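The next block holds one structure in the form of structure tokens; read it before the comments.
The values are calculated or read from the model by the stated rules, or taken from the named source; none is laboratory data. Predicted model, so just to flag it, every value in this text is computed and none were measured. Neighbour counts are summed over all protein chains in view; Cβ atoms, including those assigned to glycine, are modelled from backbone coordinates with ideal geometry.
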């Protein structure tokens, strides 16, 4: 079924796997880039804290409210910096054809050498963004800077959660036909908002990850096979309720809700595993005292982009 889905979803020229075809795909109009909706990201980041071992949990637990609230910040930055930020939220594994799903280069410069930098950037850079922020979290642990640890972990968690969304791994990010436009949002926002609550999720112990970039590719590969079932569930639900009301979500949830719960559970575990692994990579340094890292800041305001300097108190916007 996955093979037939990919064959339908990728133009014939791209299925040949040529670099030129991928470049042509990259020149198409920029895709809208959704993520888990706000509820999904907040569920995943809160669950991640519950997945942490005792060595790490106190610092994260005391900062839970900030971490959960700001887990959606990268989506806010995307609104004003779309060209740079949007590709960081997905990796189209089938962008070079169905045969490339399991062979797409995991080394950034190998991918660039194969397809060209512009094509790779447009095809999505999510795994490498995860690797980049993972490195920043390692450095934050080494510096024993509580605020930097909390902020880098929060931002890293957002992208890790995105890697678990099925439609973040395919060129057909909003369904295979125009008739199903909006399925992306219906799955990761509407369904989660209406049919999933914190008690539906369960914490799983974090485990060390040796290669964050490689893990991110694996998470995306694990996501992709769920797309056909979600698409079929959406089509069946639309036949019952074309207005996307209560009956639509009741029918859609029969198939899609277990998938969303599974991917959210795995998001929480894998976010926590990245947080744990970065601490191990840093040499297991003693952590700062478990106190609020943002006691003097307004927690309802978006955090600064981690790639720019944080404003000082006098520079902070009112």
Of the residues 122, 147, 139, 129, only one is farther than 27 Å from residue 260 by Cβ, out of contact with any strand residue (DSSP E or B) (no Cβ under 8 Å at 6 or more places or on another chain) and at pLDDT 95 or above; which? 139
Those helices (runs of 4 or more DSSP H) completely within the range 55-144 that have 2 or more residues that are farther than 23 Å from residue 173 by Cα are 57-62, 64-70, 108-115, 126-143
Quick check on my filter: what residues within the range 223-264 are closer than 21 Å to residue 165 by Cβ and either touching a strand residue (DSSP E or B) at 6+ places or on another chain (Cβ under 7 Å) or not in a helix (DSSP H, G or I) (or both)? 244
Taking the stated definitions as given, is residue 57 within 14 Å of the chain's Cα centre (by Cα) and without any contact (Cβ under 8 Å) to a residue 40 or more places away in the chain? no
Among residues belonging to the range 183-201 that are in a loop (DSSP other than H, G, I, E, B) and in contact (Cβ under 8 Å) with a residue 40 or more places away in the chain, point out the one that is farthest from residue 246 (Cα to Cα). 201
Within the range 285-294, does at least one residue satisfy the condition of being farther than 20 Å from residue 41 by Cα, at pLDDT 95 or above and crowded, with 16+ Cβ neighbours inside 10 Å? yes
Looking at (1) within 21 Å of residue 280 (Cβ to Cβ); (2) within 20 Å of the chain's Cα centre (by Cα); (3) at pLDDT 95 or above, find the lone condition where residue 162 falls short. (1)
Is there a residue being at pLDDT 95 or above, surrounded by 11 or more Cβ atoms within 10 Å (Cβ to Cβ) and under 23 Å from the mean Cα position of the chain (by Cα) anywhere in the range 296-303? no
If I filter the range 179-194 for residues that are surrounded by fewer than 16 Cβ atoms within 10 Å (Cβ to Cβ) and farther than 21 Å from residue 72 by Cα, do I get at least one hit? yes
Residue 97 being surrounded by fewer than 22 Cβ atoms within 10 Å (Cβ to Cβ), touching a helix residue (DSSP H, G or I) at 6+ places or on another chain (Cβ under 7 Å) and either within 25 Å of residue 280 (Cα to Cα) or in contact (Cβ under 8 Å) with a residue 24 or more places away in the chain (or both): no
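Conditions (1) under 20 Å from residue 69 (Cα atoms); (2) in contact (Cβ under 8 Å) with a residue 24 or more places away in the chain; (3) part of a helix (DSSP H, G or I), marked per residue:
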| site | (1), (2), (3) |
| --- | --- |
| 152 | yes, yes, yes |
| 157 | yes, yes, yes |
| 176 | no, yes, no |
| 203 | yes, yes, no |
| 213 | no, yes, yes |
Could you check the range 265-284 and list, in sequence order, the residues that are buried (at least 19 other Cβ atoms within 10 Å of the Cβ) and either outside any helix (DSSP H, G or I) or touching a strand residue (DSSP E or B) at 6+ places or on another chain (Cβ under 7 Å) (or both)? none
